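The values are calculated or read from the model by the stated rules, or taken from the named source; none is laboratory data. Quantities reported herein were computed from a predicted structural model and do not represent experimental measurements. Calculation scope for accessible area: heavy atoms of the full protein, side chains included, ligands and nucleic acids excluded. Shrake-Rupley method; radii C 1.70, N 1.55, O 1.52, S 1.80 Å.
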Amino acid sequence: MNLHIRITLAALIAAPLVLGQSAARPDLSGYWELHYDSANVPPAALTQAVAQEDPSVQYKHDMNAIRWCHFFGVPYVMSTSPIDIIQNVNGKEILITTPVRNPSRHIYTDGRAHVSKDIFDPTSSGNSIGRWEGDTLVVDTVGFSDEGVTRIPGGGRRTPDSHLVERFRLLDNGNRLSVVFTWEDAKVFQKAHTYEFRYYRAPKGTEMRDQDCNASDEARARYLLGAPGGAAR
């Protein structure tokens, strides 16, 4: 038997195993919406230094990112609705797109490690790799920048030292999606900060509309950065 035939037979024998493994994994694809009862977010245990910070500094940082249409990043984009999950794009990754100004999140599931800091520039969404633990997709993200909207639900903020683990799992016969977020950052949290969002599967026909962001709109800038209730112009 020549080498080409042996390789072909080996591929045919292995194929059912690969297909079986893929079929056993839940399909997270689709549009997912947050409802009024979707968030379970306890207060974070912050370090003393962070707890004593002037909250107006964080507010100004985030509003400045919105005013100038920066990429908002994680975790903000996961708080928008709906989110669109596209699974098995090419057998190597899962995409998450959102309506706000941000590139799609790429979650690599082909077994690769995080990109070296020597060649990866930090971003507001970080570098995400995923793996399956039974019916749960575990997403590990590092490589964050301090750009975008950095406030974390429950308190604290994303920094270049932050480490995020997300656990995605379908509930209610696939009609709801639980995502448990756990942040670790010794400079921000006294202990790991965990909260959960439960998304509802959007009805058929749901579409995502991109929310335009115009940094040149001076009236918009005055509204965002000015005192609430200011005169409209």
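See the values below:
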quantity	calculated
Gyration tensor verdict on the range 155-233 (Cα atoms; rounded if a/c is under 1.5, prolate if a/b is larger than b/c, oblate otherwise)	oblate
Answer label, with P(r) over Cα pairs in 5 Å bins from 0, in percent calculated from the coordinates and candidates (i) 1, 6, 11, 15, 17, 15, 12, 8, 5, 3, 2, 1, 1, 1, 0, 0, 0; (ii) 1, 6, 11, 12, 11, 8, 6, 4, 4, 3, 3, 3, 3, 3, 4, 4, 4, 4, 3, 2, 1, 0; (iii) 1, 7, 15, 19, 22, 19, 11, 4, 1, 0, 0	(i)
Mean accessible surface per residue for the chain, computed with a 1.4 Å probe while every protein chain stays in place, in Å²	59
The chain, relative contact order [Cα under 8 Å, separation at least 6], %	23
Mean separation of Cα contacts under 8 Å (6+ apart) over length of the range 139-233, as relative contact order %	18
Sequence-separation-based contact order of the range 147-193, relative, with Cα cut under 8 Å and 6+ spacing, percent	30
Partner lysines for LYS187 [C-alpha distance under 22 Å; skip if fewer than 8 residues away on the same chain]	LYS60, LYS117
